[in-house]
Amino acid sequence: MTILETGLDLASRVGLEAVTIGSLAKATGMSKSGLFAHFQSKENLQIELLRHAGEMFARDVVAPALRVASGEQRIRALVANWICYARSLAGGCIFVTASSDFKDRPGKVRNFLLSQQVSWIDCLRRVAWSAVVAGDFRSDIDCDQFAFGLYSLLLGFHLYDTLLDSADTDKRQEVALDQLLKSYRQTAAAGKSRREESGLPA
């Protein structure tokens with residue numbers, strides 16, 4: 001396991017703010033001086049852990065979903081990938097726990113985390129619009145509201161899965177996602193009209 005992988009696992013369990021050069025040295029069996037020479041500061045270490053987590057997230061969550069046909073299928077793939085990613089870490093999604101740690105801590109770490117979260121929310125907006133283009137969603141939807149609703153669903157899942165340890169979390173997540181998608185779905189008549197206008201078979 002690499003230094004950053006060990007640090008990420010540690011951060012998911014104890015919180016990003018609790019990860020220091022000293023605690024990471026203990027977890028990896030390396031010297032504090034060696035790690036300090038590499039990262040220079042606790043702040044730089046935390047940013048590098050977030051950067052590493054972001055690269056993993058892009059590789060394991062976003063990229064595979066983008067290979068799925070746009071529309072509801074892509075959204076479902078994105079949610080499934082996010083759940084697998086969150087469960088791959090001992091303490092759940094690092095971005096969720098770090099958001100709690102740094103919401104009131106101005107500085108470079110918070111700014112970096114904020115930029116990552118803004119990019120993720122923008123991804124949710126874009127995947128909603130791709131569902132409109134694919135004909136799965138109505139053309140008058142509010143993509144910002146969809147992003148809010150889907151992320152709220154994921155955060156709720158995270159709480160139930162990591163803290164409440166609810167036995168029916170997966171089922172409730174599936175029902176909640178079905179209900180969310182249904183609320184944005186266009187009617188069959190509207191879909192038929194769009195296909196006729198585009199010259200596609202009904």
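Structure notes:
- Phi-based couplings in Hz for segment 172-187 (Karplus 6.51, -1.76, 1.60; Gly and Pro marked x): 5, 5, 4, 5, 4, 5, 4, 5, 5, 4, 4, 5, 9, 5, 7, 6
- When each of the peptides 78-90, 157-169 is scored by how many other beta carbons lie within 10 Å of its residues on average, the order from highest to lowest is 78-90, 157-169.
- Answer label for Cα Rg over 2.2 N^0.38 Å (calculated), chosen among [x] 1.21; [y] 1.13; [z] 0.95: [x]
- Cα centroid of segment 120-151 to Cα centroid of segment 36-93, whole Å: 20
- Relative contact order of segment 103-163, defined on C-alpha pairs under 8 angstrom at six or more residues apart (%): 29
- Relative contact order (%) - the chain, alpha-carbon pairs under 8 angstrom, separation at least six: 19
- Evaluating 6.51 cos²θ - 1.76 cosθ + 1.60 at θ = phi - 60° for every residue in segment 33-50, the Karplus couplings come out as 5, x, 5, 5, 4, 7, 9, 6, 7, 4, 4, 5, 4, 5, 5, 5, 5, 5 Hz, glycine and proline recorded as x.
- Likely footprinting exposure, 123, 93, fewest C-beta neighbours within 10 Å first: 123, 93
- Karplus-derived 3J(HN,Hα) values for segment 59-75, using 6.51 cos²θ - 1.76 cosθ + 1.60 with θ = phi - 60°, are 6, 9, 10, 6, 4, x, 5, 5, 7, 8, 3, 4, x, 4, 4, 5, 5 Hz; glycine and proline are entered as x.
- The charge dipole of the chain, taken about its Cα centre with unit charges on the Cβ atoms of Lys, Arg (+1), Asp and Glu (-1) only, comes to about 240 debye.
Since every read-out is calculated from the coordinates, none of them should be taken as a lab result. These figures come from a predicted structure and were not determined experimentally. Reconstructed Cβ throughout: ideal geometry from the backbone, glycine too, with neighbour counts over all protein chains shown.
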